[in-house]
Every structure is written in structure tokens, then in C-alpha cells.
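What follows is calculated from the coordinates using simple rules that are stated; it is not laboratory data. All values reported here derive from a predicted model rather than from experimental measurement. Every residue, glycine among them, receives a Cβ derived from its backbone with ideal geometry; neighbour counts consider all protein chains shown.
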Amino acid sequence: MVVVMHEGATEEQIQHVIERLVGMGFGVHRSTGVRHTVLGAVGARLDFDTRDIELLEGVREVVRISAPYKLASRSFRPEGTVVEVGRGVQVGGREVIMMAGPCSVENPEQIQAIAKLVREHGAKVLRGGAFKPRTSPYSFQGLGPDGLKMMREAAEANSLLVVSEIVDHTQVQMMQELVDIFQVGARNMQNYVLLKELGKTKKPILLKRGLSATIEEWLLSAEYLMQGGNYNVILCERGIRTFETYTRNTLDLAAIPVVKKLSHLPVVVDPSQGTGRRDKVPPMARAAVAAGADGLLIEVHNEPEKALSDGAQSLYPEQFARLMQQLRIIAPAVERTIG
């Protein structure tokens, strides 16, 4: 249920409504918009009479939400959410944020070189994996904490932020100072122990869609994070598993407008994981911006043929530079900008 307060509602009136809701057994989450304060009420019994709240002073309307995700619903924050990541970078605003880098951190020289080149062409966030949950136990699993430290140093040297994957709830404290955005990978989208732990933090979370997850399941995973108190959630469409085998996954770009209607959370797209083919990344990246994506995750490597993981879907530096030029032409057509 959502309680929308009048534009002129006083703090005393708002607190009184909150106290009444809590007394009735609801968990209350407050969202202060440009004009109205909105209270998201979660829990309590289904036969609740909305008139008990509608008649309180300062209340404009009470809206029942049929969707199982209450806090992630567009009704909770109609104007949309802009996630502040750091260094003035906002995901969900007018600028389409570029997050670029290698699939895996391999050594200091590699990550420094890639950080420098992606920054030169407009990226704001350095992506890269230090913990790599791979399908095969024999594949490269990442450098762990040492890789994260290399990535942090490369990012600091090039005025970039860091997004990297967390794979276990025990890593939260260790990674807290080394990343600016926690990435929850597709395999962990429904790792509820991890989601609950991340919900206790205030650091932005990039939540990737699961391999076979529906949009509702994806939004319910976001609900776990928000229910814990962390509203800094960024959704990431990275392709789903279908019967098609030509591409690594089927990149569901239709999910962008669908999610934007259902939810207030920003949506970014990963065409590298979504297609698994270097030649398919630029056209899908261009299409994602045209469809309304708030950001892109692009895999870039200075020597893709020597990459320890996913070299086939990593762009060469010159390809990334050309893509950025193309996106700067497309973005204004949909009233967006590219850094």
C-alpha cells in the first residue's frame, strides 16, 4: 500500500500517519519527492480498511498496490529514482553512464592501460571482475582481493569509479572500501542471504537479471535490497537464456520500457554478456540507448585475443572509441547525453 501525503502536509502529520501504520503492523518506508511525501506500507493483513488512513490529516490518497513488489514499484516513487554513485555521477538522470573495462582483472599493467583508455573516451565507471563465478571449475576464477586492489588503484589514477561483482555475503566488509558499486551477478540474483546483507548497506547495488528470470522475479530481488533499507538499486539487463544458440544470451531490450513503466529504478544494459560476440556489442549498445537505457556496461580489453576470460565479447580500444562517437549522435535524439 502507498500513502500519498498532501503537498503541504506538516512533519507532525507525516509522523502521525507513520505511527498509525506501524501500530497496525506495517513496515513503513518513506520517500520524499519534489512535491509530495510518499509512504510505502508493507505487510499487515490483507483485509485492511484504507479509510482508517485516508481520513487522517495530511493524507491525499491511499493506493493499494497489487504487484508483489511494493518499494520497487513506480507507485512508490512516480518521478523515478536517480542513484548517486560518487564523483557527481548519477545513474537515472539525463546522462547515459558508461561503465567499461575488462571482464577480469589480470595484472596491474592490464587494468591500468584499460582504465586510461576507457576514461579518455568518456567512461565514468571502471568495470572488471576480481571474483569470477564461472560455469567450469577449470576456468579462470579471478585474482580475488588482490585484483580488487589493482582495480581501485587504476580507477583512482584515472578519476574513475569502480563496479565489481560480489559473490558471497561474507565479502561485504572487505569490498566496502574497494568498490563504489556492488554488482550482483546473474547467478546470484536470487541469493537472498547475499541480498539481505547488501540491503543493510547504503552503497549502490547493480542487480543483474538472472539467466531465466522473469521481470517480476527480477523486481522482487530488488525488493529484497530495498526492504533492507538500501534504495540505491540499479537494475541491469544482461540477456536471458532462450532456445537461440547463435548468441550467448538473448538480450531483452524490450525489458527497458517495460521495467520503466513498472518500476522507478534506473536500468542499465550489458550487451557484452547479452550477446557474447564482439561484432554484436555495438549495434545492441546503440539500440539500448535508443530504447531508454540509463547506462551501459561494455567489456573492453587492450588485447582481447590474450584475455583470460571472455575475450570474444570484449571490444578493441578503437572499437570502443568508435562506439562512443556513435552514441553521442544517438543520445540527443532521445533527449539524453553521453559523457
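Going by C-beta contacts inside 10 Å, put Ser314, Ser31, Ser212 in order with the fewest on the left.
Ser212, Ser31, Ser314
What net charge do the residues around Ala287 carry, taking every other residue with its C-beta under 15 Å from that of Ala287, with Lys and Arg at +1 and Asp and Glu at -1? It would help to have the intermediate numbers written out before the result.
Numbers: positive: Arg238, Arg277, Lys280, Arg286, Arg336; negative: Glu237, Asp252, Asp270, Asp279, Asp294.
Taking every other residue near Ala287 into account, the sum is 0.
Here are some pairs, Lys116/Lys306; Lys70/Lys208; Lys70/Lys196; Lys70/Lys202; Lys132/Lys202; which of them have Cα atoms lying more than 21 Å apart in this structure? Spell out each step's value before the answer.
Numbers: Lys116/Lys306 19 Å; Lys70/Lys208 19 Å; Lys70/Lys196 16 Å; Lys70/Lys202 19 Å; Lys132/Lys202 24 Å.
Listed pairs above 21 Å: Lys132/Lys202.
Given 0.36 nm per residue, what is the gain on full extension from Lys149 to Arg30 after removing their alpha carbon distance, in nm?
39.2 nm
About its Cα centre, what dipole magnitude does the stretch 2-63 give when the only charges are +1 on Lys and Arg Cβ and -1 on Asp and Glu Cβ, stated in debye to the nearest 20? Working shown, then result.
Details: 6 positive and 10 negative charges, 41 e Å.
In debye, rounded to 20, the stretch 2-63 gives about 200.
Antiparallel DSSP bridges in the chain: what percent, to the nearest 5?
Details: 19 of 49 bridges.
Of those bridges, close to 40 percent are antiparallel.
So which trypsin sites (Lys or Arg not before Pro) in the stretch 30-90 are both in a DSSP loop and have at most 15 other Cβ atoms within 10 Å of their Cβ?
Here the sparse-neighbourhood loop sites are Arg35, Arg45, Arg64, Arg87.
Using a 10 Å cut-off around each Cβ, can you sort Ser221, Ser136, Ser73, Ser309 from fewest to most neighbouring Cβ atoms?
Details: Ser221 25, Ser136 7, Ser73 22, Ser309 19.
Ordered from fewest to most neighbouring Cβ atoms within 10 Å, Ser221, Ser136, Ser73, Ser309 come out as Ser136, Ser309, Ser73, Ser221.
Using Cβ counts within 10 Å as a stand-in for footprinting exposure, how do Phe243, Phe48, Phe182, Phe131 rank, fewest first?
Numbers: Phe243 5, Phe48 18, Phe182 25, Phe131 21.
Fewest to most other Cβ atoms nearby, the residues stand as Phe243, Phe48, Phe131, Phe182.
Counting other Cβ atoms within 10 Å, keep those with at most 10, restrict to DSSP loop, and tell me which trypsin sites (Lys or Arg not before Pro) in the stretch 175-246 are left.
Lys202
Any idea what the relative contact order of the stretch 2-63 is, in percent, if you count C-alpha pairs under 8 Å spaced at least 6 apart?
Working: 89 pairs, mean separation 30.0, N = 62.
Answer for the stretch 2-63 is 48 percent.
Relative contact order for the stretch 1-151: what percent, with Cα pairs under 8 Å and sequence separation of 6 or more? Before the final figure, lay out the partial values.
Values: 216 pairs, mean separation 27.7, N = 151.
Contact order relative to length: 18 percent.
Where the centre of each part is set by its Cα atoms, how far does the stretch 261-281 sit from the stretch 143-192, in angstrom?
20 Å
Projecting each Cα onto the charge dipole of the stretch 51-208 (Lys/Arg +1, Asp/Glu -1 at the beta carbon, about the Cα centre), which of Met99, Gly80, Leu117 comes out farthest on the positive side?
Looking along the dipole axis, the top candidate is Gly80.
Out of Gln90, Val34, Ala130, whose Cα points farthest toward the positive end of the dipole of the stretch 1-149 (charges: +1 Lys, Arg; -1 Asp, Glu; placed on Cβ)?
Result: Ala130, furthest along the dipole toward the positive end.
Note down the nm distance, to one decimal, between modelled labels 7 Å out along Cα→Cβ at Lys261 and at Glu244.
Result: 2.1 nm between the two label points.
In whole percent, what relative contact order does the stretch 83-338 give with Cα contacts below 8 Å and a gap of six or more residues?
On the way: 566 pairs, mean separation 51.7, N = 256.
Once divided by the residue count of the stretch 83-338, the mean separation gives 20 percent.
Please name which of His16, Val62, Ile234 has its Cα lying farthest along the dipole of the chain towards the positive end, using unit charges on Cβ (Lys, Arg +1; Asp, Glu -1) and the Cα centre as origin.
Checking the options against the dipole of the chain, the answer is Ile234.
Using a Gaussian network model of the chain whose springs link C-alpha atoms within less than 10 Å, name the residue from Lys306, Lys261, Lys149 with the highest mean-square fluctuation.
Between Lys306, Lys261, Lys149, it is Lys306 that shows the largest mean-square fluctuation.
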